[in-house]
Structure formats: C-alpha cells, structure tokens
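This report refers to the structure that appears directly beneath it.
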Amino acid sequence: MKILNIGSLNIDYVYTVDHIVKEGETIASMQLESFCGGKGLNQSIALSRAGTKVYHMGIVGEDGEMLLEACKNDGIDTRYLKQIEGKSGHAIIQVDKDAQNSILLYAGSNRMFTKEYIDEVLENFQEGDMLLLQNEINLVDYIVEVAYKKGLIIVLNPSPYNEYLESVDMSKISIFLVNEVEAAQIAGAEDPKDVLTLMKEKYPEAKVILTLGDKGSIYQYKDQVVSQDAIKVKVVDTTAAGDTFTGYFLAGLLANKPVEQILQESAKAAAMAVSRKGAAVSIPYRRDIEN
Ligand code: RIB
C-alpha cells in the first residue's frame with residue numbers, strides 16, 4: 001500500500017512577541033526566524049521521520065527551493081512536486097511568551113492545483129492506497145471525488161476549517177483526524193463525547209481521531225474507543241504539533257500496530273514537537289521518541 005499526501009508547503013516566518021498583536025495595535029517583535037512548514041509538508045515530514053515512505057504532491061513557487069530541499073533531505077518522494085512561477089505559500093506566525101501562537105496564511109502556489117495535474121498524479125495510485133489531505137490547497141472536493149472513484153482510502157485533516165470544506169463530500173472520508181475546533185464544525189457539537197456520538201451517526205464507517213491538545217486524544221471506530229493522555233512537557237511552540245500527531249498516527253496504522261501503541265507514540269512525538277520551536281524542524285525522528 002502506497003501513501004500519497006496532497007498538501008501545502010509554506011515558508012513560515014515566525015515572530016517572537018510578548019503577546020499576539022491586537023486589533024489596531026503595533027508592537028515590536030523580539031526575533032524573526034524562517035522555517036519550512038505548511039500542514040502538508042509537516043505531515044509528510046512526520047510520516048517520513050516516523051519511518052514511512054510517502055509521496056508528496058504539491059506546488060511551490062520560484063522562492064520554494066528550501067521547501068523542495070526539505071522534502072528531499074527527509075527522504076520524501078518528490079516526483080509529483082511542481083515548481084511554478086510566482087510565490088510559494090507562506091505563513092506569518094506570532095509566538096508569544098506563553099507559547100501561544102496565531103497564524104496568518106498566504107496560499108500562493110498552494111492554491112494553483114488544476115484538475116489535469118490531479119488526474120495525472122492520481123493515475124499512479126490504485127485501490128487500497130492511502131491518500132492524505134488537509135485544507136490549505138484548492139480543489140480538495142475534486143480530489144476526494146476522483147480518489148473515492150479509484151477506491152483510495154481517504155484521510156482528511158480538515159485544517160484549517162473554512163467554507164471551502166463545505167463542498168467536500170465527507171461521507172467519502174475513511175479517516176478523520178480532527179481537533180476540537182474542526183470536530184465542532186463538522187459534527188455540530190462541542191463536548192468531545194457529543195462530537196464522537198454525532199460523528200459515528202453521520203459517518204458510521206469512518207475512523208475518527210479527536211485531538212484535544214493538553215487533554216490528550218481519543219480514537220473511535222464503530223464501538224471501539226481508545227483514549228490517550230497528552231504527555232506533559234514544557235511548551236515552547238505548539239506549531240505543527242497536530243501535524244506531527246497525524247504523521248505518526250498514520251505511520252502506526254500503516255505498520256498495523258495496535259491503536260493503543262499508535263496513540264501513545266503519536267502523543268510522544270507531538271509532545272517533543274511542542275517542546276521545540278518551528279514547524280517541520282520541530283518534528284522528532286522515531287529514534288528520538290523511542291529513547
Ligand atoms: O500546522 C502548522 C502549519 O500551519 C504551519 O507550518 C503553517 O505553515 C500553517 O500552515
């Protein structure tokens with residue numbers, strides 16, 4: 001079984017600030033650093049560092065050399081990546097003294113997908129292969145339709161949740177990886193128990209992994225429910241924690257590990273990611289979490 005991730009690649013500009021800038025306010029930042037990021041790239045890196053071979057389909061702009069290099073350095077299969085004219089996607093991230101963040105996205109080349117490009121790449125994947133999607137690229141609805149017809153196992157991390165997802169047929173998703181906010185939008189409830197009940201009613205064949213930040217995570221598939229506590233660490237920057245969890249979770253699933261073990265490894269990996277600054281750079285290797 002192959003795994004293809006069709007997702008964003010961003011240059012993250014991370015500003016260290018005292019507090020997140022408020023409406024109408026001007027503040028000085030203490031430091032500016034740039035990192036490779038984007039939910040797509042982060043999740044491919046997490047998959048790869050967890051030990052899984054992953055194909056990444058995505059688009060970078062003229063300034064995207066560092067993103068292409070990051071993929072190659074991490075052993076991601078880049079044959080379906082494209083570089084086009086114009087700017088890559090980027091994110092302006094503020095991280096405050098309490099490790100809270102805020103993210104402003106510019107989609108750039110991440111929203112330049114065409115149906116032809118999607119058809120061409122999906123030609124190389126067959127029934128039973130896994131497809132991972134987030135929501136930082138265009139045509140997610142189209143990708144889901146084509147992939148479903150081909151019999152791919154579709155995994156959706158509906159992040160960031162916005163109006164573009166309303167045209168996606170969620171009944172075609174096999175695995176949802178959602179945080180509290182995204183789950184509330186999809187299920188229409190806030191309490192985790194209600195969310196899981198409603199998700200089971202709406203999508204009875206789907207696996208749901210609900211991540212709850214420092215309250216841990218819950219896996220639900222039909223009548224099986226498994227909970228995992230978050231691992232307590234000193235939080236430096238939460239950027240890419242969810243992406244790390246997603247990559248490690250899918251890597252464990254592809255390796256046919258028991259769910260309890262997968263959740264524990266994913267929690268460890270996410271804990272390591274939040275204890276370091278940056279997105280892709282903060283994602284641990286499997287050897288790190290095994291030690
Ligand atoms: O999930 C974290 C990512 O969200 C960052 O790397 C940033 O690029 C945004 O896409």
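No value in this document is a laboratory result; all are computed from the given coordinates. Treat the numbers as computed from the prediction; the structure is a model and nothing was measured. Here the Cβ is made from the backbone with ideal geometry for all residues, glycine too, and neighbour counts use every protein chain on show.
Annotations for the structure displayed:
- Computed over neighbours whose Cβ is under 14 Å from that of Asp223, the net charge equals +1, Lys and Arg +1, Asp and Glu -1.
- Pairwise Cα inverse-distance average, inverted: Kirkwood Rh of region 124-252 (Å): 15.2 Å
- Kirkwood-type radius of the chain, with distances r between different C-alpha atoms, in Å: 19.1 Å
- As a proxy for reagent exposure, ranking His19, His90, His56 by other Cβ atoms within 10 Å from fewest up yields His19, His90, His56.
- Of the GluC sites (Glu not before Pro) found in region 182-291, the ones in coil according to DSSP and having at most 10 other Cβ atoms within 10 Å of their Cβ are Glu205.
- Residues whose amide H falls under 5 Å from that of Asn179, counting only those 5 or more places apart or on a different chain, are Thr211, with hydrogens built in the peptide plane.
- If you take all other residues with their beta carbon under 11 Å from the beta carbon of Leu41, and give Lys and Arg +1 and Asp and Glu -1, the sum is -3.
- Rounded to the nearest angstrom and listed largest first, the equivalent-ellipsoid semi-axes of region 56-123 from its Cα gyration tensor are 26, 15, 12.
- Each of Thr244, Thr238 was scored by other Cβ atoms within 10 Å of its Cβ. Listed from fewest to most, they are Thr238, Thr244.
- Per DSSP, loop trypsin sites (Lys or Arg not before Pro) in region 212-291 with at most 14 further Cβ within 10 Å: Lys222, Lys232, Lys234
- The local environment of Val54, defined by Cβ-Cβ distances under 15 Å, has a net charge of +3 under the rule Lys, Arg +1 and Asp, Glu -1.
- Part-to-part distance (alpha-carbon centres) for region 1-66 and region 163-235, which is given in Å: 23 Å
- With the convex hull drawn over the C-alpha atoms of region 202-261, the volume per residue is 100 Å³.
- By the count of other C-beta atoms within 10 Å, a proxy for reagent exposure, Ser282, Ser102 are ordered fewest to most as Ser102, Ser282.
- When the chain is treated as a Gaussian network with alpha carbon springs shorter than 10 Å, the biggest mean-square fluctuation among Asp237, Asp223, Asp96 belongs to Asp223.
- The charge dipole of region 225-291, taken about the Cα centre with unit charges on the Cβ atoms of Lys, Arg (+1) and Asp, Glu (-1), comes to about 180 debye, rounded to the nearest 20.
- Using bins of 10 Å that start at zero, the share of Cα-Cα pairs per bin across region 26-76 amounts to 23, 47, 19, 10, 1, in whole %.
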